[in-house]
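Each remark here refers to the structure printed beneath this line.
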Amino acid sequence: MSTTMNGSNCSNPLNPTAAKIGVTFAYCLIFVVSLVGNSFIGIVVYKTQTLRKPINYFIVNMAMSDLLYPIFWFPSNLTYLFLDSWPISGPLGLAMCKLVHFLALVSVIVSVQSLILIAVDRFGTVVYPYRSPLITSKMCPFIILGTWIVASAVIAPYLFAFNQVEYPGKRACEGPWNEAFGESSSLGNRYALALYVAFFYAPIASLVILYSIIILKLKSQKIPGEQSDSAEKHRAKRNGNVLKMAIAIVLGFVLCWVPVSIARLRLLFAWESRDSRLSCDFYLYHRIAFLISFSSCAINPCICFTFSGNYRQGLKRLLKCFN
């Protein structure tokens, strides 16, 4: 990586060829694990009758969004890594430029909404165990469709903003808001900031509140004794296991996406203040943070198969079918 900032040259201390090989290997590993793992999540839930519950439908919805993200980002990032230019020209290149960014961002928004729905489902199950479910299985298809509609609606401006931009010796896929909407490009930065607040930081705060209430409720409940109803003991154990998996998914998502969100916000504030004094270390941090965010697509299925015995059993049955 070599970037010129404030008239000084930022040189990557690592060997450029070795760095490219390492990043390529990481991208390929994440892509394969994400493709295989998330596909298995969907197939296992479809094949296993006992997993056809709202929480698992939302996990599948998140898995499908996690599939969409690497499928579109993986080729784009590898292209820029080796060519440093948008490779496709003409109408096809323009369409791909718009769709790659649009669908990748839609997948992230869908994942965030799925996390909220999982938390709401757990909240209703644990806090109000003897009431009718807050979310029923019949409602899930409409709710899941709604997550994609909402995500598509809020990301729609990027579909119009992104365009192919010609530079001397190369072609780029960028989002010049002033050309798309006739406004200052700062409008795009303000819109991006609003998206971060509405669909990242506010949901994280909501998740913390919901799971805190759930944990307090579980701790306040009496632990079933030896003479207690076996069905009650089984329900309490099942709720605890599912809660651990749900919290692990949330923590994995947050830990993967917080670093890159901080980097992006730093870039937005630097743009707004016309401050170009961003260090070379920051750009290195940004690239590492982006790679970490990309890995979230592969981490989620690993968490599901690690924390859920039902998912593991479903996977074993599925793998036996191929033998």
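The values are calculated or read from the model by the stated rules, or taken from the named source; none is laboratory data. Remember, it's a predicted structure, so these values are computed and weren't measured experimentally. So basically every Cβ, Gly included, is an ideal-geometry build from the backbone, and we count neighbours across all protein chains shown.
Criterion first (in a helix (DSSP H, G or I) and modelled with pLDDT under 85) does TRP86 satisfy it? No: the conditions fail for TRP86. So for region 135-142 (the condition being modelled with pLDDT of 90 or more and among the β-branched types (Val, Ile, Thr)), does at least one residue qualify? Taking every residue of region 135-142 in turn, none turns out to be modelled with pLDDT of 90 or more and among the β-branched types (Val, Ile, Thr). Does PRO91 satisfy being in contact with an Asp or Glu (Cβ under 7 Å, 6 or more places away or on another chain), over 20 Å from SER295 (Cβ atoms) and not hydrophobic (A, V, I, L, M, F, W, C)? For PRO91, the condition - in contact with an Asp or Glu (Cβ under 7 Å, 6 or more places away or on another chain), over 20 Å from SER295 (Cβ atoms) and not hydrophobic (A, V, I, L, M, F, W, C) - is not met. Pairing each residue of region 92-109 that is in contact (Cβ under 8 Å) with a residue 60 or more places away in the chain with any residue that is buried (at least 21 other Cβ atoms within 10 Å of the Cβ) and small (Gly, Ala, Ser), provided the two are 6+ apart or on different chains, yields C-beta distances under 6 Å for ILE109/ALA151. If the condition is being in contact with a strand residue (DSSP E or B) (Cβ under 9 Å, 6 or more places away or on another chain) and either farther than 24 Å from THR79 by Cβ or outside any helix (DSSP H, G or I) (or both), then region 90-128 contributes no residue at all. If you go through region 82-107 and keep only what is among the hydrophobic types (A, V, I, L, M, F, W, C) and either loosely packed, with under 15 Cβ neighbours inside 10 Å or touching a helix residue (DSSP H, G or I) at 6+ places or on another chain (Cβ under 6 Å) (or both), you end up with PHE82, LEU83, ILE88, LEU92, ALA95, LEU99, VAL100, PHE102, LEU103, ALA104, LEU105, VAL106.
Restricting region 241-274 to residues that are at pLDDT below 75 and either part of a helix (DSSP H, G or I) or charged (D, E, K, R) (or both) leaves a set whose member that is nearest to TYR57 (Cα to Cα) is LEU268. The single condition among (1) out of contact with any helix residue (DSSP H, G or I) (no Cβ under 6 Å at 6 or more places or on another chain); (2) at pLDDT 90 or above that PHE181 does not satisfy is (2). I'd like to know if region 209-217 contains one or more residues that are over 29 Å from ASP66 (Cα atoms) and modelled with pLDDT of 80 or more. Taking every residue of region 209-217 in turn, at least one turns out to be over 29 Å from ASP66 (Cα atoms) and modelled with pLDDT of 80 or more.
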